[in-house]
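A.B. asks: The structure's right below; bear with me while I get my questions together.
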């Protein structure tokens with residue numbers, strides 16, 4: 001459990017950095033060159049660009065810090081899996097923005113931020129953490145053999161599989 005909480009805390013810090021990039025770039029683009037008054041699909045394009053930049057930041061942070069003990073030697077495959085999960089999580093945020101902006105008609109900057117950067121982000125973040133931990137950075141797929149965890153009955157691979165590698 002200690003490892004899980006540590007990973008969750010590191011994931012939160014990396015995610016916060018990604019959030020700053022995502023929200024900052026989104027609003028910069030949405031309020032300038034991709035304003036809805038200038039470009040009809042401006043909010044969607046702005047969100048795709050800002051999310052893409054945040055994905056790169058988040059992969060580096062999660063690979064080298066959050067899930068460092070579970071990263072794999074095949075960085076390209078890991079990156080592709082990370083991007084796939086990130087895009088699926090981002091689709092959740094984009095869907096929230098699209099429904100709010102184009103279906104419900106809430107077109108203000110505040111409404112766009114609430115739908116994509118509050119509701120969509122919360123749902124997408126939960127989705128991403130689960131799939132990063134259990135698919136992309138799964139301990140059994142790590143580059144090195146994971147250490148075992150001592151239990152009341154000793155150490156062994158069963159404890160490692162259940163609890164994950166120790167920090």
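Each reported figure results from applying straightforward, stated rules to the coordinates on display, with no laboratory input. These numbers were taken from a predicted model, which means no experiment stands behind them. Note that each Cβ is placed from the backbone with ideal geometry, even for glycine, and that neighbours are counted across all protein chains shown.
A.B. asks: Just want the ordering: 85, 33, 23, from fewest to most Cβ atoms lying within 10 Å of their own Cβ.
C.D. replies: 33, 23, 85
A.B. asks: Also, I was wondering about something else. Once the Cβ-Cβ distance between residue 60 and residue 108 is put in as r, and R0 is 30 Å, what FRET efficiency do you end up with, to the nearest 0.05? Before the final figure, lay out each step's value.
C.D. replies: Numbers: r = 33 Å, r/R0 = 1.11.
Given R0 = 30 Å and the Cβ-Cβ separation, E is 0.35.
A.B. asks: Then there is this: By average Cβ neighbour count within 10 Å, what is the ranking of 46-56, 95-105, 130-140 from highest down? Present the calculation step by step, with values, prior to reporting the outcome.
C.D. replies: Values: 46-56: 20.3, 95-105: 16.1, 130-140: 17.8.
The most tightly packed comes first, giving 46-56, 130-140, 95-105.
A.B. asks: What is the gain in length, in nm to one decimal, between residue 52 and residue 28 on full extension, counting 0.36 nm per residue of separation less the C-alpha to C-alpha distance? Numbers along the way, then the final one.
C.D. replies: Details: separation 24, 0.36 × 24 = 8.64 nm, distance 1.47 nm.
Full extension from residue 52 to residue 28 adds 7.2 nm.
A.B. asks: For residue 140 and residue 20, calculate 0.36 nm times their separation in residues minus their Cα-Cα distance, and state this gained length in nm to one decimal. Can you show the working numbers first?
C.D. replies: Details: separation 120, 0.36 × 120 = 43.20 nm, distance 3.20 nm.
Full extension of this stretch gives 40.0 nm more.
A.B. asks: Here is a further query. Taking Cα pairs under 8 Å and at least six residues apart, what relative contact order does the stretch 2-163 come out at, in percent?
C.D. replies: Details: 167 pairs, mean separation 34.4, N = 162.
Relative CO of the stretch 2-163 lands at 21 percent.
A.B. asks: To continue, here is another question. Please say if the stretch 37-132 is rounded, prolate or oblate, where rounded means a/c under 1.5 for a ≥ b ≥ c the square roots of the C-alpha gyration tensor eigenvalues, and otherwise the choice is prolate for a/b larger than b/c and oblate otherwise? Working shown, then result.
C.D. replies: Numbers: a/c = 2.96, a/b = 2.28, b/c = 1.30.
It comes out prolate by the Cα gyration axes.
A.B. asks: Quick one: order 34, 8 by neighbouring beta-carbon count within 10 Å, fewest to most. Could the numbers behind the result be given before it?
C.D. replies: Numbers: 34 19, 8 12.
The most exposed by this proxy come first: 8, 34.
A.B. asks: Another one. Starting from the Cα of residue 74, step 7 Å along the direction of its Cβ; do the same at residue 130; then give the gap between the two resulting points in nm.
C.D. replies: Each label point lies 7 Å from its Cα, and together they span 2.5 nm.
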